[in-house]
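The values are calculated or read from the model by the stated rules, or taken from the named source; none is laboratory data. Just so you know, these numbers come straight off a predicted model, no measurement behind them. Counting neighbours? That spans all protein chains shown, and the Cβs are built from the backbone with ideal geometry, glycine included.
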Amino acid sequence: MGKTFTPSNRREILRWLLINAIIGICIPAFYRFENYLSFEGLSRMWDDMLYGFMMSCGISGAVGINEHILDQYFPWLKHAGKRLFFEILGVSILGFTASFLMNTLFFTFFGLIDYGNFPWQQLAENALIPLYIGYGITAFFISRGFLVRAKEEAVRAEKLQTEKYRSEVRVLRDQLNPHFLFNALNVLTNMVYEDADRSADYIRQISRFYRYVLEVQDEDLVAVERELKFCRDYLKLQQERFGNESLNYSIQIEDLSELGIPPLALQLLMENALKHNRLSAKEPLQIDIIQSGHQLSIRNNRQARSNPADHLGIGLSNLKRRYELLKADLPKVEAGDSEFKVSLSLLPLA
């Protein structure tokens, strides 16, 4: 009834007329229901139904026009105070005018108005009751309009937050990749003079590393098996850098079918372990990746550097936000005296 329509939209006009016709037919039932029980009674009700139809058209049209105008100039979320004021003012003016005109037309149609002695007061009193109904309709649209706009604003804010998180993830990846490439090239510089075959294999590993980064850079989830394969390649590159005796790792996996993880999550944790701990042949760094159901635990022994690296809390915070974005349980971090452990949820792939 109150939905905004335009004259060019015939379907909406017909729908609006039909709804008002139904309302007009039903209104007399509130005070003359017994007449609906016989054809003779219904034949005496047609003028009341016509009156109800005309009043419903007038009030609903006034409210619809008022809503259409105010939606353009005073949206709820931007001008709530002004919108409320003009809602009441608009319905009062437009609703009363429409109701007064419909009353005038109805009584003119039945020849009940003496234009020589125009009954202004009677018509004004008759126009007030439909106007009160208009206030009720307006109250409904105020509540509905505000809730709809609030929902739209919440959805928009969530989209903006999602884009913000995605941007932060991209920034993190952009920070990690040049840092890794710089170290890898340093290792390759020394290696190329010592062993050509080993250098070629190392270049192929670097190539696989960056191919994977490019493949998953726009994905929210990747299969855990792909991420683990990438993680193995990354750890092998780090063993070339630090020496096989200085870095040990083990991967204990059960069933990974149909399970996913945010891309580069494991590499971030590997780099975190390498950045914050000393490692040598005498004091090797041990990294263990263990699956337990839908949980993946990444842990390493703690042997803090004498010159601590810059804090990587931004990376861990970013990882938590990525899980937050996926509406999943956040990573759990446990920092003990001898062990550092992060538990990640494994998520079902769509």
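Residue 255 is checked against (1) surrounded by fewer than 17 Cβ atoms within 10 Å (Cβ to Cβ); (2) closer than 21 Å to residue 320 by Cα and fails just one. What number does that condition carry?
In the conditions (1) surrounded by fewer than 17 Cβ atoms within 10 Å (Cβ to Cβ); (2) closer than 21 Å to residue 320 by Cα, residue 255 misses (2) alone.
State which residue pairs qualify: first residue assigned by TED's automatic domain parsing to the domain that holds residue 266 and part of a strand (DSSP E or B) and inside region 326-341, second residue at pLDDT below 95 and of a type in the set (Asp, Glu) in any location, beta carbons under 9 Å apart, and separation of 6 or more residues or different chains.
Taking only residues 6 or more apart or on different chains, the pairs are 340/334; 341/334.
Can you spot a residue in region 306-314 that is in a loop (DSSP other than H, G, I, E, B) and under 19 Å from residue 228 (Cβ atoms)?
Start the filter on region 306-314 by keeping residues that are in a loop (DSSP other than H, G, I, E, B), which leaves 306-312.
Imposing the further condition that a residue be under 19 Å from residue 228 (Cβ atoms) reduces the set to none.
Within region 306-314, none of the residues are in a loop (DSSP other than H, G, I, E, B) and under 19 Å from residue 228 (Cβ atoms).
Can you name every residue in region 329-344 that is among the hydrophobic types (A, V, I, L, M, F, W, C) and crowded, with 16+ Cβ neighbours inside 10 Å?
Of all residues in region 329-344, those among the hydrophobic types (A, V, I, L, M, F, W, C) come to 330, 333, 335, 340, 342, 344.
Within region 329-344, 340, 342, 344 qualify.
Of 230, 140, which residue is of a type outside the set (Lys, Arg) and either at pLDDT below 85 or over 30 Å from residue 328 (Cβ atoms) (or both)?
140
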